[in-house]
Every structure is written in structure tokens, then in C-alpha cells.
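Participant: Have a look at the structure that comes next, please.
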Amino acid sequence: MPVQNQRSKWSLELGSIANIPIRIHTTFFLLLAWLVLMTDSPSPMLEGLFVVSVFVCVLLHELGHAIMGKWWGVQTKNITLYPFGGIAAITSQPSPKGELFIAISGPLVNILIAALLYPWVNLPSAESISTTPISFVARLFLTNIGLALFNLLPALPMDGGRVLRALLSLLKVRRPTFFAARISQGICILLGLAGLYLDQPMLFVIAFIIFFGAMQEHVRAETSSLAIAFTVSDVFVPKERLETMSHGTTISKGLRTALTSLQPLYPVMNGDELMGVVFREDLLEHAATRADDYIGEILTRSLPRLEASLSLADAISKLEEENSNVAVVTRGGQYVGLLVADRLADFLLLQELRQNLPKDDDIEWSTPQ
Ligand SMILES: [Zn+2]
């Protein structure tokens, strides 16, 4: 399944295919060891080989997404393989048509593999199914069919859920993620009930995991569509509204200013030139020992610079990339104000609340008789 996601410390880089780093999560090796040790099969090596083969199939599935993504101009940052599947981390949200093709190409790879294996598959007949051991190739064949069907479940964040969302979007349904997430949750409830009824705890657990995945996906999509719709100029604090400090001010004097204003940070100026910012906490921290030093010595100089016309989505990823919660906002390269991450988050939350309020045409007016 393709998602936007950050790197995990618990994964091992194997190398790269088509410039995409391929990682394996360490839990995979635990699963491999566990399966080989616990198996009652006469040849544990064959069991190990089977698990590795399944992983190659999962990797090919993810590469299917990645290659189709490239076709639609969506870069894949990396592919991580987990014991229960893979994740291709993509860097941007494709168009609905792109999402449809990218989502479907993963399961299609598994169907293709199954088709290639089919000539060598000798499934035991119905009468002898419990006595004849199933062959390696037949198992791999069935696993690929299973992977394709499982991933095509029309529930977010599975591939099938993405196909569903893309179709809703192409059918011009307003808020496609909202409806896709609702449908997903309905399917999860049915799946969970089936798990209880059929006494299949795994099915119940899977339904549970997807249920929360669908909710997360819904929240993320609402936020990211807002983050694309607004720009830095909608949220930043213009320099005229900021109290500033001169780089030649002493720390103790700066602290006195900071204690009487509500600003959490101050632009530090050298005449008209912005040198950096000083945080209230830094003033507090150094006030006792370095009261007579200049503010210029404790300021944070290297801040990300963002153009006011940049979308909030790009601004957020830039802030995350540089691990900063403040950015200098520029217009045509000239300093015009500051962007503060907390304020940005509040702004997005407010917009989301506003979006979820009923619109005038949704309200039913009751007329008194
Ligand atoms: Zn997939």
C-alpha cells in the first residue's frame, strides 16, 4: 500500500532498485526465524525459502506501485517490507486518475505472478486435499491470489480503498475521502462480525487495524487537502506585528522585554537586516549566567526560508525536513515575517472545524405551522 510516511529506525537498507531504497523491517527476520524454528514441516529450509519468496512477491507488488507512480509523476521515497506486507512511501498525493492506476498496479503484479506460476500448479483434488501435501509452487500461487484479494478489499488504507476513493473522486462525489473512509469502516464492521461469527480472531484483528487506518487516512486527507489549498501568506505573522530585539541588546534586557510580552520568540535585527530569532526559553536559560552577554550570541541563525506564495503542505514538509518550528517568510527574497509551526497547526485545525460545520443548504429549516 502506498502511503506518506517517515523513516523507521528499525529497518535495514538492502540496496536500491530504480533509485528507490529498499528496506526490511527487523521484525521480518524475527518472523523468519520463528517460522523456521516452529515449523513441523520436514524441511525447515524450504519453509524459510517460502517466506523469502513471499517477500519477493510483496516487494514486486510495492515496485508495481512505485513504477506506476513514476509514470504519474509521483516519487517513491523508499519501500519498507514488514512481516505482514510492504509500504511504499510516496512524496505527494497523485491526481484521482493517477491514484486509481497506482493503487491497482500492486495487486495486478500479484495476479501476474499467479498467472505465470499457474502452468506449474498441481492443486490436489477435492477428495485428497487433506492427505496430499500442497506443493511449493501451488502455495506461492495461492498466496499471490490471497495478497491480491486482501489488498483489493475496498477499505482505506488498503489499495482497494484507494481505488474506491479515486472512483468516487472521478464520479465528482464531494469529499471522496470522507465517503471512502465511511464505506471502509462499514466493511470493517462486517469483517469484524464475520470474524466473531466464524471464530476467526485474525479476521477480527485485521478488521480492527483497517478500521483505525481508515480513520487516520480520513484525518490526514482532510488536513492535507487544506494544506494544499492555503499558502504561507494566509498564516504567517507579518514583521510589522512582531516585537523585535536588536542584536546589541544584552540578554538581561531582552528577558525583561520577553517577560512583558506574549511573543514566544523575537526577530533579532541588525538595523534593517534580520539576523535570526531568539526564543523566550533561551533568554530564560541564559539569563542567570550570561546576563551581560549580547543576544546576538545566543540567537538561532539558520532558519528555513519560505516564500509567502508556497503552499502550506510544502511549508510543513520543509519545516519537518529542517526539523525547525519557525521559518523566515520572504517575498521576492525580502524578509516579510515569520511562520510559526504552532500557529500553522491551529490554523489548519480551525479551517477543518469550519469545513465540517453544516453548510447553509445542508440545514433543514422547520417552518412553524
Ligand atoms: Zn499495495
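Participant: Take the residues in region 172-198 that are over 14 Å from L156 (Cβ atoms) and not in a helix (DSSP H, G or I), then tell me which one is modelled with the highest pLDDT.
Facilitator: Only one residue tops the list, namely L198.
Participant: Hey, another quick one. Would you mind stating whether Q355 is at pLDDT 85 or above and on the phi < 0 side of the Ramachandran plot?
Facilitator: No; evaluated as a whole, the condition is false for this residue.
Participant: Sticking with this structure for a sec: Can you name the residue in region 141-187 that is among the basic types (K, R) and away from the ligand (no atom under 13 Å from the Cβ) and, of all such residues, is nearest to L123 (Cα to Cα)?
Facilitator: R165
Participant: Something else about it: Only one of F212, F179, F230 is touching a residue at least 60 places away in the same chain (Cβ under 8 Å) and either within 30 Å of A345 (Cα to Cα) or surrounded by fewer than 19 Cβ atoms within 10 Å (Cβ to Cβ) (or both); which?
Facilitator: The unique qualifying residue is F230.
Participant: Looking at L262, L255 in this structure, which one is free of Cβ contacts under 8 Å to residues at least 40 places away in the same chain, among the aliphatic types (A, V, I, L, M) and under 24 Å from D346 (Cβ atoms)? Spell out the reasoning first.
Facilitator: Values: L255 fails: under 24 Å from D346 (Cβ atoms).
Selected residue: L262, the only one of L262, L255 that is free of Cβ contacts under 8 Å to residues at least 40 places away in the same chain, among the aliphatic types (A, V, I, L, M) and under 24 Å from D346 (Cβ atoms).
Participant: Of all residues in region 95-110, which are of a type outside the set (A, V, I, L, M, F, W, C) and either closer than 25 Å to I316 by Cα or within 16 Å of the ligand (Cβ to nearest atom) (or both)?
Facilitator: If the condition is that a residue be of a type outside the set (A, V, I, L, M, F, W, C) and either closer than 25 Å to I316 by Cα or within 16 Å of the ligand (Cβ to nearest atom) (or both), then S95, P96, G98, E99, S105, G106, P107, N110 are the ones that fit.
Participant: Determine which member of the set G86, G73 is touching an Asp or Glu at 6+ places or on another chain (Cβ under 8 Å), at pLDDT below 90 and not β-branched (V, I, T).
Facilitator: Within the list G86, G73, the selection yields G86.
Participant: To continue, here is another question. Is there a residue being more than 15 Å from the ligand (Cβ to nearest atom) and out of contact with any Ser or Thr (no Cβ under 7 Å at 6 or more places or on another chain) anywhere in region 86-94?
Facilitator: Yes: region 86-94 contains one or more residues that are more than 15 Å from the ligand (Cβ to nearest atom) and out of contact with any Ser or Thr (no Cβ under 7 Å at 6 or more places or on another chain).
Participant: Within region 155-174, how many residues are of a type outside the set (V, I, T) and under 19 Å from the mean Cα position of the chain (by Cα)? Working first, answer last.
Facilitator: So the first thing to find is which residues in region 155-174 are of a type outside the set (V, I, T), and the list is 155-162, 164-172, 174.
Next, only the ones that are under 19 Å from the mean Cα position of the chain (by Cα) stay: 155-162, 164-166.
Of the residues in that region, 11 qualify.
Participant: When region 236-246 is examined, which residues are found to be surrounded by fewer than 19 Cβ atoms within 10 Å (Cβ to Cβ) and touching a Leu at 6+ places or on another chain (Cβ under 7 Å)?
Facilitator: Within region 236-246, the first condition is being surrounded by fewer than 19 Cβ atoms within 10 Å (Cβ to Cβ), and the residues that meet it are 237-244, 246.
Listed by number, the residues that qualify are V237, L242.
Participant: Continuing with this model, one more query. With V173, V205 as the choices, which residue is without any contact (Cβ under 8 Å) to a residue 60 or more places away in the chain, closer than 23 Å to T223 by Cα, surrounded by fewer than 16 Cβ atoms within 10 Å (Cβ to Cβ) and not assigned by TED's automatic domain parsing to the domain that holds L108?
Facilitator: Numbers: V205 fails: closer than 23 Å to T223 by Cα.
Of the residues listed, the single one that is without any contact (Cβ under 8 Å) to a residue 60 or more places away in the chain, closer than 23 Å to T223 by Cα, surrounded by fewer than 16 Cβ atoms within 10 Å (Cβ to Cβ) and not assigned by TED's automatic domain parsing to the domain that holds L108 is V173.
Participant: Can I ask one more? If we keep just the residues of region 249-308 that are of a type outside the set (A, V, I, L, M) and touching a Pro at 6+ places or on another chain (Cβ under 9 Å), which is farthest from T231 (Cα to Cα)?
Facilitator: Per the stated criteria, the residue is E281.
Participant: Take region 40-52 and flag every residue that is surrounded by 15 or more Cβ atoms within 10 Å (Cβ to Cβ) and farther than 15 Å from I134 by Cα.
Facilitator: Listed by number, the residues that qualify are G48, V51.
Participant: Tell me, which residue of region 231-281 that is part of a helix (DSSP H, G or I) and of a type in the set (A, V, I, L, M) is nearest to V326 (Cα to Cα)? It would help to see each step written out before you state the result.
Facilitator: Initial filter on region 231-281 (part of a helix (DSSP H, G or I)): 232-234, 239-241, 251-260, 280-281.
Pick out the ones that are also of a type in the set (A, V, I, L, M) and you get 232, 251, 255, 258-259.
On the way: V232: 12, I251: 21, L255: 20, A258: 18, L259: 20 Å.
Restricting to residues being part of a helix (DSSP H, G or I) and of a type in the set (A, V, I, L, M), the top hit is V232.
The values are calculated or read from the model by the stated rules, or taken from the named source; none is laboratory data. Keep in mind that what you see is a predicted model, and the values were worked out from it rather than measured. Every residue, glycine as well, gets a Cβ built from its backbone with ideal geometry; the counts of neighbours run over all protein chains shown.
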